[in-house]
Amino acid sequence: MAGTKGKQSVRDMLLSLGLIGLMAGVIYIFIPHDDSAPPLKRVDYRVELLTARRAASYPVAAPVGLPTAWKATSVRYDGTEFDAWHLGFHDPEGQYVAIEQSTQRPAAFIDSASQGATETKATQRIGDATWQRYEGDKYDALVLKSKGATTVVTGTASFGQLTKMAEALKTS
């Protein structure tokens, strides 16, 4: 008799699990849920920019006059690691654009900032400076090597959007 009772207990347990699974499925279907990504929070980078401009050994760049559709999403300055300046944006097309500056050796810094993009033969004149184009699987980049620091405008955005950011950069 003990064998019959054990089979009955297993059967009852499986039926209970099946019923619980069915109820969970019904609840999941009828309770509204939002699978979309949460909206990116805009950050105010003015304090970090002032701090970086006081502390860095080079002129720190930030955009001036970009439309509000460009949303600043990340900012950091690290004076202990090559005076590294980072300012990230979400552009109007939903792509990522970052300004990266550092006193680190250019080759290593460009590779890191551009996620491994490689130098092309293409250059473009922006303001008074000639920027080098880099292309990569993840990010493309515009690179400006200056005395004392390297500036990289990089991200998933098109070269058109990277150029708009580079055109907006001011150091004071």
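The values are calculated or read from the model by the stated rules, or taken from the named source; none is laboratory data. Everything numeric here is computed off the predicted structure, so don't read it as measured data. Using ideal geometry, Cβ is built from the backbone for each residue, glycine included, and neighbour counts are taken over all protein chains shown. Quick note on the areas: whole protein, heavy atoms, side chains included, nothing else; ligands and nucleic acids left out. Shrake-Rupley method; radii C 1.70, N 1.55, O 1.52, S 1.80 Å.
Whole-Å semi-axes of the stretch 113-172's equivalent ellipsoid, largest first, each the root of 5 times a Cα gyration tensor eigenvalue? Before the final figure, lay out each step's value.
Working: eigenvalues 60, 32, 24 Å².
Each semi-axis is the square root of five times an eigenvalue, giving 17, 13, 11 Å.
Name the most mobile residue of L142, L17, L87, meaning the one with the largest mean-square fluctuation, in a Gaussian network model of the chain with Cα contacts below 10 Å.
Of L142, L17, L87, the Gaussian network model singles out L17 as fluctuating most.
Say we join alpha carbon atoms closer than 10 Å with springs in a Gaussian network model of the chain; which of V97, V26, V43 then has the biggest fluctuation?
For the chain, modelled as a Gaussian network with Cα springs under 10 Å, the answer is V26.
Once phi is turned into θ = phi - 60°, what whole-Hz ³J(HN,Hα) does the Karplus curve with 6.51, -1.76 and 1.60 give for every residue of the stretch 105-114, x standing for Gly and Pro?
With coefficients 6.51, -1.76 and 1.60, one gets 3, x, 4, 5, 5, 4, 4, 5, 5, 9 Hz.
When you count, for each residue, the other Cβ atoms within 10 Å and take the mean per peptide, how do 151-160, 66-75 rank with the highest first?
Working: 151-160: 21.7, 66-75: 14.9.
Descending mean neighbour count gives 151-160, 66-75.
Taking 20 °C and 1.002 mPa s as the conditions, I'd like the Stokes-Einstein D for the chain in µm²/s, using the Kirkwood hydrodynamic radius from alpha carbon pairs. Could the numbers behind the result be given before it?
Values: Rh = 19.1 Å.
Approximately 112 µm²/s, per Stokes-Einstein.
Using a probe radius of 1.4 Å on heavy atoms only, what accessible surface per residue do you get for the chain? Whole Å² is fine. Working shown, then result.
Values: 10890 Å² over 172 residues.
Ligands and nucleic acids excluded, the figure is 63 Å² per residue.
So what J values fall out for the stretch 84-90 if you push phi through Karplus, 6.51 cos²θ - 1.76 cosθ + 1.60 with θ = phi - 60°, rounded to Hz, Gly and Pro as x?
6, 10, 9, 9, x, 10, 9
Send over the semi-axes of the stretch 24-115's equivalent ellipsoid, whole angstrom and largest first, taken as the square roots of 5 times the C-alpha gyration tensor eigenvalues. Walk me through the intermediate numbers first.
Numbers: eigenvalues 254, 52, 32 Å².
In descending order, the three semi-axes are 36, 16, 13 Å.
Keeping the other protein chains in place, figure out the carbon and sulfur percent of the accessible area of the chain, with a 1.4 Å probe. Write out the running numbers ahead of the final one.
Working: 6280 of 10890 Å².
Percent of accessible area from carbon and sulfur atoms in the chain: 58.
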